[in-house]
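The values are calculated or read from the model by the stated rules, or taken from the named source; none is laboratory data. Just so you know, these numbers come straight off a predicted model, no measurement behind them. Here the Cβ positions follow ideal geometry from the backbone for every residue, glycine too, while neighbour counts run over all protein chains shown.
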Amino acid sequence: MSELHPSRDETPPASLPEIIDRVLDAARDEVTDIRTILQSFGRASFTPVLLLPAIAVATPLSGIPLFSSVMGIFIALVSAQMLARRRHLWLPDWILARQITGKRLKAAFTRLRPIAVWIDARTAQRFRIVSHRPLIFIPQLVCLVSGLMMPALEFVPFSSSVVGIGVAILALGMLSRDGVVIVLGLVPYAGVAWLIYRVL
(Lines give C-alpha, C1' and ligand atoms only; values in the text may rest on other atoms or scores of the structure.)
Protein backbone atom coordinates (compact mmCIF):
# COMPACT_ATOMS: atom_id res chain seq x y z
CA MET A 1 0.00 0.00 0.00
CA SER A 2 1.10 3.58 -0.67
CA GLU A 3 0.07 6.81 0.96
CA LEU A 4 -0.77 9.41 -1.63
CA HIS A 5 1.42 12.53 -1.51
CA PRO A 6 -0.39 15.18 -3.57
CA SER A 7 1.21 18.37 -4.75
CA ARG A 8 1.02 21.16 -2.18
CA ASP A 9 0.90 23.73 -4.98
CA GLU A 10 -2.45 22.55 -6.30
CA THR A 11 -5.68 24.03 -4.95
CA PRO A 12 -8.06 21.13 -4.24
CA PRO A 13 -11.04 20.83 -6.62
CA ALA A 14 -14.20 22.09 -4.93
CA SER A 15 -16.79 21.13 -7.52
CA LEU A 16 -17.63 18.47 -10.08
CA PRO A 17 -16.54 20.59 -13.10
CA GLU A 18 -13.19 21.29 -11.40
CA ILE A 19 -12.60 17.57 -10.88
CA ILE A 20 -13.30 16.91 -14.56
CA ASP A 21 -10.99 19.77 -15.55
CA ARG A 22 -8.14 18.21 -13.55
CA VAL A 23 -8.69 14.92 -15.36
CA LEU A 24 -8.74 16.68 -18.75
CA ASP A 25 -5.47 18.43 -17.89
CA ALA A 26 -3.92 15.03 -17.17
CA ALA A 27 -5.34 13.75 -20.46
CA ARG A 28 -3.00 16.08 -22.36
CA ASP A 29 -0.25 13.50 -21.88
CA GLU A 30 -0.13 10.58 -24.27
CA VAL A 31 -0.43 8.17 -21.33
CA THR A 32 -1.24 8.97 -17.72
CA ASP A 33 -1.92 7.01 -14.54
CA ILE A 34 -4.21 7.32 -11.53
CA ARG A 35 -1.38 8.51 -9.27
CA THR A 36 -0.71 11.50 -11.54
CA ILE A 37 -4.38 12.45 -11.68
CA LEU A 38 -4.84 12.22 -7.91
CA GLN A 39 -1.69 14.21 -7.25
CA SER A 40 -3.15 17.02 -9.36
CA PHE A 41 -6.01 17.23 -6.84
CA GLY A 42 -3.65 18.77 -4.29
CA ARG A 43 -4.54 18.42 -0.62
CA ALA A 44 -8.09 17.43 -1.44
CA SER A 45 -10.45 15.73 0.97
CA PHE A 46 -11.45 12.14 0.32
CA THR A 47 -14.73 13.10 -1.38
CA PRO A 48 -13.29 14.48 -4.65
CA VAL A 49 -11.10 11.37 -4.82
CA LEU A 50 -14.21 9.20 -4.36
CA LEU A 51 -15.93 11.02 -7.21
CA LEU A 52 -13.16 10.20 -9.68
CA PRO A 53 -13.66 6.40 -9.98
CA ALA A 54 -17.44 6.77 -9.67
CA ILE A 55 -17.54 9.13 -12.64
CA ALA A 56 -15.01 7.07 -14.59
CA VAL A 57 -17.01 3.87 -14.35
CA ALA A 58 -20.11 5.70 -15.60
CA THR A 59 -18.30 6.55 -18.87
CA PRO A 60 -17.43 4.34 -21.87
CA LEU A 61 -14.17 3.55 -20.03
CA SER A 62 -16.17 0.87 -18.21
CA GLY A 63 -15.88 -1.17 -21.42
CA ILE A 64 -12.18 -1.73 -20.75
CA PRO A 65 -11.73 -5.29 -19.35
CA LEU A 66 -11.55 -5.30 -15.53
CA PHE A 67 -11.78 -1.50 -15.41
CA SER A 68 -15.04 -1.60 -13.44
CA SER A 69 -13.54 -4.08 -10.97
CA VAL A 70 -10.51 -1.86 -10.36
CA MET A 71 -12.73 1.22 -9.91
CA GLY A 72 -14.99 -0.73 -7.54
CA ILE A 73 -12.04 -1.67 -5.35
CA PHE A 74 -10.88 1.96 -5.57
CA ILE A 75 -14.31 3.17 -4.38
CA ALA A 76 -14.42 0.60 -1.57
CA LEU A 77 -10.96 1.55 -0.28
CA VAL A 78 -11.67 5.28 -0.27
CA SER A 79 -15.08 4.79 1.37
CA ALA A 80 -13.62 2.53 4.06
CA GLN A 81 -11.02 5.16 4.93
CA MET A 82 -13.70 7.85 5.06
CA LEU A 83 -15.62 5.71 7.55
CA ALA A 84 -12.43 5.15 9.56
CA ARG A 85 -11.82 8.93 9.49
CA ARG A 86 -8.24 8.54 8.27
CA ARG A 87 -6.27 11.72 7.72
CA HIS A 88 -4.34 10.56 4.67
CA LEU A 89 -5.43 8.42 1.79
CA TRP A 90 -3.53 5.26 0.92
CA LEU A 91 -4.06 3.03 -2.09
CA PRO A 92 -2.31 -0.03 -3.50
CA ASP A 93 0.49 0.70 -5.95
CA TRP A 94 -1.24 -1.46 -8.56
CA ILE A 95 -4.23 0.91 -8.55
CA LEU A 96 -2.12 4.07 -8.57
CA ALA A 97 -0.04 2.71 -11.45
CA ARG A 98 -3.09 1.89 -13.59
CA GLN A 99 -2.52 3.62 -16.93
CA ILE A 100 -4.86 4.94 -19.60
CA THR A 101 -4.23 6.78 -22.84
CA GLY A 102 -4.85 10.52 -22.78
CA LYS A 103 -6.97 10.29 -25.94
CA ARG A 104 -9.36 7.78 -24.40
CA LEU A 105 -9.52 9.69 -21.10
CA LYS A 106 -10.24 12.98 -22.85
CA ALA A 107 -12.96 11.46 -25.03
CA ALA A 108 -14.76 10.03 -21.99
CA PHE A 109 -14.59 13.08 -19.71
CA THR A 110 -15.11 15.84 -22.31
CA ARG A 111 -18.65 14.60 -22.88
CA LEU A 112 -19.38 14.83 -19.16
CA ARG A 113 -18.30 18.42 -18.60
CA PRO A 114 -21.48 20.20 -19.85
CA ILE A 115 -23.57 17.85 -17.72
CA ALA A 116 -21.31 18.50 -14.72
CA VAL A 117 -21.71 22.28 -15.11
CA TRP A 118 -25.50 21.92 -15.29
CA ILE A 119 -25.60 19.72 -12.18
CA ASP A 120 -23.19 21.91 -10.23
CA ALA A 121 -25.35 25.00 -10.84
CA ARG A 122 -28.26 23.22 -9.15
CA THR A 123 -26.56 22.09 -5.96
CA ALA A 124 -26.63 24.11 -2.74
CA GLN A 125 -25.98 23.61 0.95
CA ARG A 126 -29.42 22.26 1.85
CA PHE A 127 -30.63 19.87 4.54
CA ARG A 128 -27.07 19.89 5.87
CA ILE A 129 -27.81 17.57 8.81
CA VAL A 130 -27.46 14.65 6.37
CA SER A 131 -23.99 15.79 5.28
CA HIS A 132 -22.55 15.79 8.79
CA ARG A 133 -21.83 13.14 11.41
CA PRO A 134 -23.40 10.83 12.37
CA LEU A 135 -25.73 10.68 9.33
CA ILE A 136 -22.87 11.13 6.86
CA PHE A 137 -21.81 7.59 7.73
CA ILE A 138 -24.88 6.26 5.87
CA PRO A 139 -23.87 7.39 2.35
CA GLN A 140 -20.25 6.49 3.09
CA LEU A 141 -21.29 2.95 4.04
CA VAL A 142 -23.51 2.67 0.94
CA CYS A 143 -20.55 3.72 -1.22
CA LEU A 144 -18.38 1.07 0.44
CA VAL A 145 -20.94 -1.66 -0.25
CA SER A 146 -21.40 -0.41 -3.83
CA GLY A 147 -17.66 -0.58 -4.48
CA LEU A 148 -17.47 -4.13 -3.12
CA MET A 149 -20.34 -5.16 -5.41
CA MET A 150 -18.79 -3.87 -8.61
CA PRO A 151 -16.21 -6.64 -9.25
CA ALA A 152 -19.07 -9.15 -9.09
CA LEU A 153 -21.03 -7.08 -11.62
CA GLU A 154 -18.14 -6.90 -14.10
CA PHE A 155 -19.81 -9.16 -16.65
CA VAL A 156 -23.38 -7.88 -16.26
CA PRO A 157 -23.83 -5.22 -18.98
CA PHE A 158 -24.27 -1.64 -17.69
CA SER A 159 -24.68 -2.75 -14.06
CA SER A 160 -21.35 -1.32 -12.90
CA SER A 161 -22.12 1.96 -14.63
CA VAL A 162 -25.46 2.20 -12.84
CA VAL A 163 -23.81 1.56 -9.48
CA GLY A 164 -21.09 4.09 -10.37
CA ILE A 165 -23.73 6.73 -11.07
CA GLY A 166 -25.28 5.99 -7.66
CA VAL A 167 -21.93 6.47 -5.92
CA ALA A 168 -21.27 9.64 -7.95
CA ILE A 169 -24.58 11.17 -6.80
CA LEU A 170 -23.81 10.39 -3.16
CA ALA A 171 -20.24 11.70 -3.47
CA LEU A 172 -21.49 14.87 -5.17
CA GLY A 173 -23.94 15.44 -2.32
CA MET A 174 -21.16 14.99 0.22
CA LEU A 175 -18.81 17.30 -1.72
CA SER A 176 -21.39 20.09 -2.04
CA ARG A 177 -22.86 19.40 1.43
CA ASP A 178 -26.24 19.11 -0.24
CA GLY A 179 -28.37 16.81 1.88
CA VAL A 180 -31.12 16.80 -0.74
CA VAL A 181 -28.75 15.26 -3.31
CA ILE A 182 -27.59 12.68 -0.75
CA VAL A 183 -31.18 11.69 0.03
CA LEU A 184 -32.00 11.44 -3.68
CA GLY A 185 -28.94 9.24 -4.12
CA LEU A 186 -30.07 6.95 -1.30
CA VAL A 187 -33.62 6.47 -2.65
CA PRO A 188 -32.72 3.81 -5.28
CA TYR A 189 -30.71 1.87 -2.69
CA ALA A 190 -33.61 2.02 -0.25
CA GLY A 191 -35.87 0.69 -3.01
CA VAL A 192 -33.52 -2.23 -3.69
CA ALA A 193 -33.28 -3.00 0.04
CA TRP A 194 -37.07 -2.97 0.31
CA LEU A 195 -37.43 -5.35 -2.65
CA ILE A 196 -34.88 -7.76 -1.14
CA TYR A 197 -36.73 -7.61 2.16
CA ARG A 198 -40.04 -8.40 0.43
CA VAL A 199 -38.54 -11.31 -1.51
CA LEU A 200 -36.90 -12.82 1.57
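Output the number of residues of the range 11-32 satisfying the condition of being crowded, with 16+ Cβ neighbours inside 10 Å, touching a strand residue (DSSP E or B) at 6+ places or on another chain (Cβ under 9 Å) and part of a loop (DSSP other than H, G, I, E, B). Residues in the range 11-32 being crowded, with 16+ Cβ neighbours inside 10 Å, touching a strand residue (DSSP E or B) at 6+ places or on another chain (Cβ under 9 Å) and part of a loop (DSSP other than H, G, I, E, B): 1 in total. Put simply, of 198, 133 the only residue that is basic (Lys, Arg), on the phi < 0 side of the Ramachandran plot and assigned to a helix (DSSP H, G or I) is 198.
Residue by residue, here is whether (1) closer than 17 Å to residue 49 by Cα; (2) surrounded by fewer than 16 Cβ atoms within 10 Å (Cβ to Cβ); (3) of a type outside the set (A, V, I, L, M) holds:
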{"position": "133", "(1), (2), (3)": "no, yes, yes"}
{"position": "136", "(1), (2), (3)": "yes, no, no"}
{"position": "139", "(1), (2), (3)": "yes, no, yes"}
{"position": "151", "(1), (2), (3)": "no, no, yes"}
{"position": "173", "(1), (2), (3)": "yes, no, yes"}
{"position": "176", "(1), (2), (3)": "yes, no, yes"}
{"position": "181", "(1), (2), (3)": "no, no, no"}
{"position": "193", "(1), (2), (3)": "no, yes, no"}
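Of everything in the range 101-130 that is at pLDDT 90 or above, over 21 Å from residue 165 (Cα atoms) and not small (Gly, Ala, Ser), the residue that is surrounded by the most Cβ atoms within 10 Å (Cβ to Cβ) is 101. In the range 19-32, the residues that are under 17 Å from residue 120 (Cα atoms) form Cβ pairs under 7 Å with partners that are not in a helix (DSSP H, G or I), at six or more places apart or across chains, as follows: 19/13; 20/112; 22/13; 22/40; 22/41. For the range 146-161, name all the residues that are aliphatic (A, V, I, L, M) and without any contact (Cβ under 8 Å) to a residue 60 or more places away in the chain. Those that are aliphatic (A, V, I, L, M) and without any contact (Cβ under 8 Å) to a residue 60 or more places away in the chain: 152, 156. Taking the range 33-48 as the region of interest, how many residues are in a loop (DSSP other than H, G, I, E, B) and more than 19 Å from residue 103 (Cα to Cα)? Of the residues in the range 33-48, 5 are in a loop (DSSP other than H, G, I, E, B) and more than 19 Å from residue 103 (Cα to Cα).
Residues in the range 105-130 that are part of a helix (DSSP H, G or I) and among the basic types (Lys, Arg): 106, 113, 128. Please verify whether the range 101-123 includes one or more residues that are in contact (Cβ under 8 Å) with a residue 40 or more places away in the chain, closer than 27 Å to residue 65 by Cα and among the acidic types (Asp, Glu). Checked the range 101-123: no residue is in contact (Cβ under 8 Å) with a residue 40 or more places away in the chain, closer than 27 Å to residue 65 by Cα and among the acidic types (Asp, Glu).
Residue by residue through the range 69-104, note down the ones that are aliphatic (A, V, I, L, M), more than 16 Å from residue 55 (Cα to Cα) and not in a helix (DSSP H, G or I). Residues satisfying the conditions are 84, 89, 91, 97. What are the residues in the range 136-158 that are part of a helix (DSSP H, G or I) and more than 15 Å from residue 171 (Cα to Cα), if any? Of everything in the range 136-158, those that are part of a helix (DSSP H, G or I) and more than 15 Å from residue 171 (Cα to Cα) turn out to be 148, 149, 150, 151, 152, 153.
The criterion of being in a helix (DSSP H, G or I), within 17 Å of residue 67 (Cα to Cα) and touching a Cys at 6+ places or on another chain (Cβ under 9 Å) holds for residue 167.
Test residue 113 against the criterion of being over 25 Å from residue 63 (Cβ atoms) and either touching an Asp or Glu at 6+ places or on another chain (Cβ under 6 Å) or of a type outside the set (Asp, Glu) (or both), and give yes or no. For residue 113, the condition - over 25 Å from residue 63 (Cβ atoms) and either touching an Asp or Glu at 6+ places or on another chain (Cβ under 6 Å) or of a type outside the set (Asp, Glu) (or both) - is not met. Of 3, 10, all but one fail to be at pLDDT below 90 and touching a His at 6+ places or on another chain (Cβ under 7 Å); the exception is 3.
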